[in-house]
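One structure below.
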Amino acid sequence: MTGAGTPQDARTPGPAEALPSIAARIEAAAGGREVRLLAVSKTRTAAEIRRLAERCGQRHFGENYVQEAMAKRADLEDLPLVWHLIGHLQSNKCREAAETFDWIESIDREKLLAPLDRYRAPARGPLELLIQVNIDAEPSKSGCRPEQVGALASAIAGFPRLRLRGLMAIPAPGDPHRLAAAFAAMRRLFEALRRDHPTVDTLSMGMSEDFELAIAHGATEVRIGTALFGPRPPRAP
Ligand SMILES: *Cc1c(COP(=O)(O)O)cnc(C)c1O
């Protein structure tokens with residue numbers, strides 16, 4: 001007997017089940033543009049990541065903590081995955097970050113650049129960087145101020161093993177008008193940056209709750225955790 005109401009029907013779908021519908025929503029919002037799905041896998045196990053990669057061909061994964069990502073990357077070395085750091089980067093973690101990640105989306109100060117360049121192995125190719133912008137000027141959040149983007153971008157251009165690819169932001173959720181204004185401000189910054197730096201092609205904004213709005217405002221990458229994997233378990237101590 002199958003039918004609705006059996007315990008099996010009540011089970012939470014896993015990420016492999018959720019991905020096709022999220023991909024379809026991204027595609028519909030993008031209207032023919034290429035928008036990349038970054039699967040945010042913080043707190044998720046290597047086995048969950050493997051399943052999503054093998055069943056759905058998902059390649060790009062976002063992690064918030066350097067140590068956590070190092071362990072997962074080592075477990076999944078056999079898969080052609082691309083690892084993005086989306087959490088705050090401490091200066092004393094630059095070496096591990098340059099060795100572990102393909103992209104770092106949380107560049108918010110010049111001090112990080114020299115150590116990232118120094119520790120990037122030339123054989124790995126350039127480390128792809130996004131400048132994180134604190135677009136709604138929240139004092140508690142990471143990210144540089146919008147008026148600091150130009151100087152930071154020029155500084156990145158001076159390092160041979162670093163490559164500027166664009167901008168990232170985490171606007172405060174909630175009020176849709178404020179959110180839309182923040183996304184629109186990011187798009188203007190992005191267009192201006194692109195005029196000065198030909199390697200810039202990535203605008204990372206939008207999460208589970210607001211990715212369609214972000215895409216409508218020009219996001220080229222959305223970072224999705226909860227909508228893909230379900231609610232996050234508490235972080236292990
Ligand atoms: C956790 C996280 C996400 C994903 O958030 P969800 O709401 O779970 O989709 C995206 N970006 C950053 C920077 C994050 O820390």
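The values are calculated or read from the model by the stated rules, or taken from the named source; none is laboratory data. Please read these numbers as outputs of a predicted model, since none were measured by experiment. Note: ideal-geometry Cβ built from the backbone for every residue, glycine included; neighbour counts use all protein chains shown. Just the protein is used for accessible areas: all its heavy atoms, side chains included, with ligands, DNA and RNA removed. Shrake-Rupley method; radii C 1.70, N 1.55, O 1.52, S 1.80 Å.
Structure above, values below:
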{"quantity": "Shape call, the chain: gyration tensor on alpha carbons, a/c limit 1.5", "calculated": "oblate"}
{"quantity": "Reach of residue 93 by Cα under 19 Å, taken over aspartates and glutamates that are not fewer than 8 positions away in the same chain", "calculated": "63, 68, 102, 105, 108, 110, 117, 128"}
{"quantity": "Relative contact order of the stretch 19-229, pairs being alpha-carbon contacts under 8 Å that are 6 or more residues apart, as %", "calculated": "20"}
{"quantity": "Note, ³J(HN,Hα) from phi for the stretch 114-124, Karplus 6.51, -1.76, 1.60, rounded to Hz, x at Gly and Pro", "calculated": "4, x, 4, 5, 4, 8, 6, 5, x, 5, 7"}
{"quantity": "Per-pair calculated FRET efficiency, R0 = 41 Å: residue 24 and residue 109 via Cβ, rounded to 0.05", "calculated": "0.60"}
{"quantity": "Low-density loop positions, GluC sites (Glu not before Pro), the stretch 52-132 - DSSP coil, at most 14 other Cβ in 10 Å", "calculated": "77"}
{"quantity": "Local electrostatic count at residue 70 - Lys and Arg +1, Asp and Glu -1, tallied over other residues with Cβ under 14 Å", "calculated": "-2"}
{"quantity": "Inter-label distance for residue 71 and residue 140, nm, one decimal - labels placed 7 Å from Cα along Cα-to-Cβ", "calculated": "2.7"}
{"quantity": "GluC sites (Glu not before Pro) restricted to the stretch 175-237 and DSSP loop, no more than 15 other C-beta within 10 Å", "calculated": "209"}
{"quantity": "Gain in span if fully extended, residue 118 to residue 191, counting 0.36 nm per residue against the direct Cα distance", "calculated": "23.3 nm"}
{"quantity": "Förster radius 35 Å - calculated FRET efficiency between residue 181 and residue 88, Cβ distance, rounded to 0.05", "calculated": "0.90"}
{"quantity": "J(HN,Hα) series, the stretch 88-95, from Karplus relation 6.51 cos²θ - 1.76 cosθ + 1.60, nearest Hz, glycine and proline x", "calculated": "4, 9, 7, 4, 7, 10, 5, 4"}
{"quantity": "Accessible surface, per residue, of the stretch 19-229 when the full set of protein chains is kept, probe 1.4 Å, Å²", "calculated": "45"}
{"quantity": "Residue 78 paired with residue 46, simple spin-label distance in nm, labels 7 Å along Cα-to-beta-carbon", "calculated": "1.1"}
{"quantity": "Which of 26, 119, 197, positive extreme of dipole for the chain (C-beta unit charges)", "calculated": "119"}
